[in-house]
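A.B. asks: I have a structure here, written as structure tokens, and I will follow up with some questions on it.
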Amino acid sequence: MQRRHFTTAALGLTLATALTPLAATAQTDWPPQKLTFVVALGPGGSADRTARALAQRMQEELGVPISVINQEGGGGHVGHTYFTQMPSDGSYFLATSIHPYIANAMLRFDADYTLEDFAFINGQWNDYDLFAVNAETPYTTLAEFMAAAKENPGALRVSVVPGSTGAINLELALEAYGLDPSAVSVVTYESGGAARTAVAGGQVDMTVLAADGTLSIAEYIRPLALAADNASKDWDAPTLNAALEQDGHEAVPVLAGSMRGLAAHAAFKEENPDGFQKMVDAYQAVLEDPEFVASLEAQDIGAEWLGPERTSEIITSNFDILKRYEGDE
């Protein structure tokens with residue numbers, strides 16, 4: 001009788017264990033059998049190359065296959081929308097230029113998503129804007145260029161891509177030096193390549209464009225400042241705020257350039273924090289792998305680890321800047 005009582009109790013315990021909230025099991029049972037990276041831009045571009053290289057290495061780290069799909073259109077808006085409509089269980093991730101494209105799409109389209117819908121994991125490849133003059137000009141510092149612009153308003157020509165972070169960083173720098181946009185003659189080009197050709201050939205005096213892309217014309221230009229938190233080994237130039245502070249001006253909220261990286265659904269982070277942290281840890285681990293980092297560098301792909309908090313801070317603060325200058329773009 002006692003044995004029967006024990007068996008029944010044991011059976012009840014077993015059933016209770018088996019039927020204990022499936023949600024709790026689901027929260028810890030990650031990763032799923034397959035992951036998908038969504039690139040909100042076209043194939044072959046920098047965001048696509050970054051996503052595919054990361055997926056190939058991350059699937060080894062996580063032990064599950066990762067497929068990469070492109071959903072291009074509307075400056076990333078089509079891909080962002082597609083991603084937000086996919087399951088938020090940690091099976092889909094947005095692997096693309098997470099800044100400034102998400103923010104720009106929110107400001108320019110009637111988007112039904114906000115920054116709060118994304119849990120940003122890392123901004124891996126950040127292409128910061130470089131202030132550079134033609135090598136034949138006499139300016140050796142940003143202060144000298146701004147002084148000349150103040151003395152002869154409109155005489156100096158600056159090439160930018162309309163709506164780019166470079167265009168806004170130029171305006172922020174002019175404002176910091178106490179100048180309005182009319183102090184220089186802004187010449188717009190539809191591509192960074194055309195804007196670079198203009199400064200390399202002397203058609204304009206200065207350009208404000210992505211630093212990595214400008215390496216191709218390094219011999220024809222002189223770098224003056226980098227719109228980034230830290231100086232670069234590739235350019236002998238101070239950061240924009242270091243230049244401003246040296247000249248006695250207040251620092252400005254620097255607008256970061258294109259940030260290729262990874263984001264999850266905010267719901268995944270909230271509902272499965274353990275799974276989200278596993279993804280964070282795996283991502284950080286692969287970017288600490290010297291062999292993988294070397295392979296990325298060989299492909300001219302960045303391998304920076306900012307982490308969720310710093311990545312989110314940059315995107316949020318930059319969104320405020322983009323919103324402020326939306327009417328001017």
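The values are calculated or read from the model by the stated rules, or taken from the named source; none is laboratory data. Keep in mind the model is a prediction, meaning the values are calculated, not measured. Positions of Cβ are backbone-derived with ideal geometry, glycine not excepted, and every protein chain shown enters the neighbour counts. All accessible areas refer to the heavy atoms of the entire protein, side chains included, with ligands and DNA or RNA removed. Shrake-Rupley method; radii C 1.70, N 1.55, O 1.52, S 1.80 Å.
A.B. asks: So who's got an amide H within less than 5 Å of the one on F120, skipping anything under 5 residues away but keeping other chains? H placed 1.01 Å off N, in plane.
C.D. replies: A264
A.B. asks: So how far apart, in nm, are the two label points at A294 and S182 if each is 7 Å from Cα heading toward Cβ?
C.D. replies: Distance between label points: 5.8 nm.
A.B. asks: Grab the beta carbon distance between A155 and I69, set R0 = 51 Å, and tell me the FRET efficiency rounded to 0.05.
C.D. replies: After rounding, the FRET efficiency stands at 0.55.
A.B. asks: Using a 1.4 angstrom probe and counting only protein chains, how large is the accessible area of V161 in Å², to 10?
C.D. replies: 30
A.B. asks: Out of the total accessible area of segment 51-103 (probe 1.4 Å, heavy atoms of protein only), what percent is carbon and sulfur?
C.D. replies: Reported share for carbon and sulfur atoms: 45 percent.
A.B. asks: Cα gyration tensor of segment 84-232, axes a ≥ b ≥ c as square roots of the eigenvalues: rounded (a/c below 1.5), prolate (a/b > b/c) or oblate?
C.D. replies: Judged from the Cα gyration tensor, segment 84-232 comes out prolate (a/c at least 1.5, a/b above b/c).
A.B. asks: Here's a follow-up. How much accessible area per residue does segment 149-258 have, in Å², with a 1.4 Å probe?
C.D. replies: Using a 1.4 Å probe on heavy atoms only, each residue of segment 149-258 averages 44 Å².
A.B. asks: Looking at the chain, what % of its DSSP beta bridges pair antiparallel, to the nearest 5?
C.D. replies: Within the chain, antiparallel bridges account for around 60 percent of the total.
A.B. asks: Now a separate question. Under a GNM of the chain (C-alpha, springs under 10 Å), which listed residue has the highest mean-square fluctuation: G248, G213, G302?
C.D. replies: Highest fluctuation among the options: G248.
A.B. asks: In debye, nearest 20: dipole of the chain around its Cα centre with unit charges on the Cβ of K, R (+) and D, E (-)?
C.D. replies: About 1160 debye.
A.B. asks: Let me know the longest stretch in the chain that avoids all trypsin sites (Lys or Arg not before Pro) found in a DSSP loop with at most 12 other C-beta atoms within 10 Å.
C.D. replies: 35-232
A.B. asks: On to the next question. Output ³J(HN,Hα) for segment 112-126: one whole-Hz value per residue in order, computed from phi by the Karplus curve 6.51 cos²θ - 1.76 cosθ + 1.60 with θ = phi - 60°, and x for Gly and Pro.
C.D. replies: 9, 10, 10, 4, 5, 7, 10, 10, 6, 9, 6, x, 7, 10, 10
A.B. asks: May I ask you to derive the relative contact order of the chain, considering only C-alpha pairs under 8 Å and at least 6 residues apart, and to give it as an integer percent?
C.D. replies: Reported relative contact order: 24 percent.
A.B. asks: Using the Cα centre as the reference, give the magnitude of the dipole from point charges on the C-beta atoms of segment 167-275 (Lys, Arg: +1; Asp, Glu: -1; all else neutral), rounded to the nearest 20 debye.
C.D. replies: Dipole of segment 167-275, to the nearest 20 debye: 360 debye.
A.B. asks: Between E250 and D320, what length in nm is gained on full extension when 0.36 nm per residue of separation is reduced by their alpha carbon distance?
C.D. replies: Taking 0.36 nm per residue and subtracting the Cα distance, the gain is 23.3 nm.
A.B. asks: Nearest 0.05, what FRET efficiency do A194 and E136 give at R0 = 25 Å with Cβ-Cβ as r?
C.D. replies: E(calc), rounded to 0.05, equals 0.80.
A.B. asks: Now, a different point. With both partners inside segment 109-216, how many of the DSSP beta bridges are antiparallel, as a percent to the nearest 5?
C.D. replies: Of the beta bridges lying entirely in segment 109-216, close to 45 percent run antiparallel.
A.B. asks: Answer rounded, prolate or oblate for segment 209-314, using the Cα gyration tensor with square roots of eigenvalues a ≥ b ≥ c: rounded when a/c is under 1.5, else prolate when a/b is larger than b/c, else oblate.
C.D. replies: oblate
A.B. asks: Let me have the relative contact order for segment 212-327, percent, based on Cα pairs under 8 Å that are six or more residues apart.
C.D. replies: Answer for segment 212-327 is 17 percent.
A.B. asks: Fully extended, how many nm does the chain gain between S216 and A267 (0.36 nm per residue separation, minus their Cα-Cα distance)?
C.D. replies: 14.2 nm
A.B. asks: Within segment 121-227, report the GluC sites (Glu not before Pro) that DSSP leaves as loop and that have at most 16 other Cβ atoms within 10 Å.
C.D. replies: E136, E190
A.B. asks: A further question follows. Check V208: other-chain or 5+ apart residues with amide H under 5 Å from its amide H, H built from backbone geometry?
C.D. replies: Residues meeting the amide H criterion: S159.
A.B. asks: Mind jotting down a quarter of the surface of the convex hull over the alpha carbons of segment 95-161, in square nanometres, one decimal?
C.D. replies: Convex hull of Cα atoms, orientation-averaged projection: 7.5 nm².
A.B. asks: Now a separate question. For R310 and Q284, calculate 0.36 nm times their separation in residues minus their Cα-Cα distance, and state this gained length in nm to one decimal.
C.D. replies: 8.0 nm
A.B. asks: Is the shape of the chain best called rounded, prolate or oblate, per the rule: a/c under 1.5 gives rounded, else a/b larger than b/c gives prolate, else oblate, with a ≥ b ≥ c the square roots of the Cα gyration tensor eigenvalues?
C.D. replies: Here the chain falls in the prolate category.
A.B. asks: Further, regarding this structure: So what is the relative contact order for segment 73-175, in percent, with contacts set as C-alpha pairs under 8 Å and at least six apart?
C.D. replies: 21
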